[in-house]
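Working notes, beginning with the structure itself.
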Amino acid sequence: MKILVTGGAGFIGSHVVDAYIAQGHTVTVIDNLATGYREFLNPKARFYQIDIADRAAVREVFARERFDLVNHHAAQVDVRVSVADPLKDAHTNILGLLTVLEACREFSVKKFIFISSGGVIYGEPQQLPVPEDAPKKPISPYGVAKLASEYYLFSAKQTWGLEYIALRYANVYGPRQTPKSEATVVSTFARALARHEPVTIFGDGRQTRDFIFVSDVVAANLLATERIEEINRASAYSIDDLAFNIGTGQETSVNELFERFERALSRKCEARYAPPRPGELQRNALDITKAQKLLGFVPKIALEEGLRVTMDWVRTTTPS
């Protein structure tokens, strides 16, 4: 297939590009390099440095390349930025999506994989692990944009026949995750500990997350690509019918994450506690039963193994 990966120079998108190319697909990348890196680009991919909200530039790429499928990873991913500047967030996460969807419709691209969020769209969950049909209560503009995007995709399916799958990621971590691309607790801890510096834990450290290694997320993208036609044959009555949680289903507290780092490093490390950050979710873990059943998705990388690989990358690699 001829596949477009938006955000293909970023943390997760670049890994997805590598996997597609390894499978023999022809891959094009659109990325404005605001948070991506040229070093992460696969040399076998065709690259266009443009903004996904640039209608003329996006249309020109679609007209030239004639894609079979779009994998949409490009996003403004910082929740804090979305709160401080909702218009900036919407420029990329809503207008950018609509620009790409408009090009898909004009050039008859009927397959679309969208990267959503299994953390921010649900808000503070009423049950754990959180199933896809749980109430949606996003509190940040970033979460609102992700949820709105799923509704835009659902509308496109109903009005012009788009086949799509939304992957609602848990907290992804692994190599190529940088402060520029996505400063999560794992990447922040890894960088501090690589320098033998203390880590900062906000609040009491009992808040939990569902941490999933990047290679497992890549596997979910490949499964979605293989099964998108099959999934879309069934009638869809809501956005949840075409959405899949991608995580481990396991809660890990920030305190436990710190202890896992200590075990991975085989040494004692120092943690300092700071006041909690306002609006931070207290608990999260995703129910992945549906992805297991319909996509065949099974996460394989245990947390301590993933942390060791992440630390090895942080120690040896510094993107410019």
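General remarks:
- For the range 241-320, the set of GluC sites (Glu not before Pro) satisfying both a DSSP loop assignment and a count of at most 14 other C-beta atoms within 10 Å is given as Glu270, Glu280.
- Residue of Ala224, Ala90, Ala271 that the Gaussian network model of the chain assigns the largest fluctuation, springs spanning Cα pairs under 10 Å: Ala271
- Charge dipole (Cα centre; +1 on Lys/Arg Cβ, -1 on Asp/Glu Cβ; no other charges) of the chain amounts to roughly 400 debye.
- Non-local lysine pairs in the chain, meaning eight or more places apart or on different chains, with alpha-carbon distances under 19 Å, amount to 13.
- Computed [θ] at 222 nm, deg cm²/dmol, the chain (DSSP H ≥ 4; -39,500 (n - 2.57); rounded to nearest 500): -11500 deg cm²/dmol
- Helix 141-160 and the longest principal axis of the Cα set of the chain meet at an angle near 30°.
- C-alpha long axis of helix 303-316 to longest principal axis of the chain, angle in °: 90 degrees
- Percent of C-alpha pairs per 5 Å bin, the range 256-310, short to long: 4, 13, 15, 15, 18, 18, 10, 5, 2
- With neighbour counts taken as other beta-carbon atoms within 10 Å, the residues Cys269, Cys104 rank, fewest first, as Cys269, Cys104.
- Here is the list for the range 276-305: trypsin sites (Lys or Arg not before Pro) lying in DSSP coil, each with at most 13 other C-beta atoms within 10 angstrom of its C-beta, are Lys300.
- Annotation: amide H of Leu162 within the under-5 Å range of Lys157, sequence separation 5 or more or interchain, hydrogens built in the peptide plane.
- 5 angstrom amide H check on Val199, placed H, neighbours 5+ away: Glu270, Ala271, Arg272
- Counted by neighbouring Cβ atoms within 10 Å, the residues Asp216, Asp31 run from fewest to most as Asp216, Asp31.
- Prolate/oblate/rounded label for the range 81-131 (Cα gyration tensor, a/c 1.5): oblate
- Sparse-neighbour loop sites [chymotrypsin sites (Phe, Trp or Tyr not before Pro); the range 86-139; at most 16 other C-beta within 10 Å; DSSP]: Phe107
- Taking only the Cα atoms of the range 1-67, the ratio Rg/Rh comes out at 0.94, with Rh defined as the Kirkwood radius.
- Dimensionless Rg ratio for the range 212-320, taking C-alpha atoms and the 2.2 N^0.38 Å reference: 1.36
- Counting all C-alpha pairs of the chain, share separated by more than 38 Å (%): 10 percent
- Overall, the anisotropy analysis places the range 178-276 in the prolate class: the square-rooted eigenvalues a ≥ b ≥ c of its C-alpha gyration tensor yield a/c not less than 1.5, with a/b exceeding b/c.
- Cα-based helix-to-principal-axis angle, 11-22 vs the chain, degrees rounded to 10: 60 degrees
- Inverting the pair-averaged 1/r between distinct Cα atoms of the range 21-155 gives 16.1 Å as its Kirkwood hydrodynamic radius.
- Space enclosed by the convex hull of the alpha-carbon atoms of the range 88-207, per residue, Å³: 140 Å³
Read-outs throughout are calculated quantities, based only on the coordinates presented, and are distinct from any laboratory measurement. Here the structure is a predicted model, which is why all the values come from computation and not from measurement. Methodologically, a virtual Cβ is constructed for each residue, glycine included, from the backbone with ideal geometry; neighbour enumeration extends over all protein chains shown.
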